[in-house]
Every structure is written in C-alpha cells, then in structure tokens.
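Take a look at the structure below.
Every read-out reported here was derived from the displayed coordinates using simple, explicitly stated rules and does not represent laboratory data. Please read all numbers here as calculations on a predicted model, not as lab measurements. In this analysis, Cβ positions are derived from the backbone assuming ideal geometry, glycine residues included, and neighbour counts consider all displayed protein chains.
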Amino acid sequence: METMPLIAPVVMPELADIAPLARVFAGISEPARLQILLLLLQSEYNVGELVSRTGISQGRVSIHLQCLRHCGFVASERRGKFVYYRVRDGRVRELIHRAQELAADYAAELASCGVLNYETRRRKD
C-alpha cells in the first residue's frame, strides 16, 4: 500500500464546522444512493433507466436522486418528457475513487469492524 501525498494540507475545522463535512459522507453512505451515484459516474440516466439498472423502486430512486441533487452531487436536465441526471462535480468521482482504494486496502478491517456492523444492523431495524 503506497502513501499518497496530500494535494493540500488538511485543515482541522472547528467542532461546529464538522457537521457539513460529515453530511458529505452521509450523503453517499446509503447503499442505494451510492449505487445510483456509481451509475451516474458512468453515464447520464433518467429515473426509469436507473430503476432498470438497480432494481430499486421508482419512488426510492426518485427520493435518492432528490437528495443527491439537493446536496449538490447530481444535476438534472429535462429533455422532452424525461429528466436526465448526471454527476455535477468532478470531485465526486475523485472522492469515490479514493474511497474505493481505501475499501480495497482495508477490506478485512472494514468487514470485521464491530461498530460499523452494529450501526448497519441498527439502520436496518
């Protein structure tokens, strides 16, 4: 595993300023939202196409797209009777790419983390 230099120094925010940063990660941490975002990194899709590709209900896809759009990760454009969605900011691709690298490097540790396992079970209940 190689250590990568930071592009810019990490600034420790004030405690009150941590919440917006945590919400960035919360915005992409829900598995269905992440699945939609990963698809949108490949291409533009409308709701029906995302439903077909994910198997998630139309209502849930729409809610997740609404969240992603409101948070600034996704943009939409109406073309005729369809609305197409795409990733709005290239930094989202970089964030996901870095997260994929971390997930690959620490797969066993992530899988066995009792705290994460508890939080995941609690979210399902």
> Only one residue in VAL51, VAL74 is in contact with a strand residue (DSSP E or B) (Cβ under 6 Å, 6 or more places away or on another chain) and of a type in the set (Val, Ile, Thr). Which one?
Replying inline: VAL74
> Is there any pair with a first residue in segment 17-29 that is β-branched (Val, Ile, Thr) and a second that is in a helix (DSSP H, G or I) whose Cβ atoms are under 9 Å apart and which are 6 or more apart or on different chains, and what are they?
Replying inline: VAL24/LEU95; ILE28/LEU34; ILE28/LEU37; ILE28/LEU68; ILE28/VAL92; ILE28/LEU95; ILE28/ILE96; ILE28/ALA99
> For segment 26-41, what are the residues that are over 14 Å from LEU95 (Cα atoms) and not aliphatic (A, V, I, L, M)?
Replying inline: GLU30, PRO31, ARG33, GLN35
> Could you list, in sequence order, the residues of segment 62-96 that are of a type in the set (Gly, Ala, Ser) and either surrounded by 12 or more Cβ atoms within 10 Å (Cβ to Cβ) or touching a residue at least 60 places away in the same chain (Cβ under 8 Å) (or both)?
Replying inline: SER62, GLY72, ALA75, SER76
>> Being of a type in the set (A, V, I, L, M) and either out of contact with any helix residue (DSSP H, G or I) (no Cβ under 9 Å at 6 or more places or on another chain) or not in a helix (DSSP H, G or I) (or both) is the filter here; which residues of segment 93-125 pass it?
In response: ALA104, ALA107, ALA108, VAL115
>> Restricting to segment 71-92, and then to whatever is closer than 16 Å to PHE25 by Cβ and part of a helix (DSSP H, G or I), can you tell me which residue is farthest from the chain's Cα centre (by Cα)?
In response: ARG91
> Only one residue in GLN42, GLN35 is surrounded by fewer than 14 Cβ atoms within 10 Å (Cβ to Cβ) and not charged (D, E, K, R), so which one is that?
Replying inline: GLN42
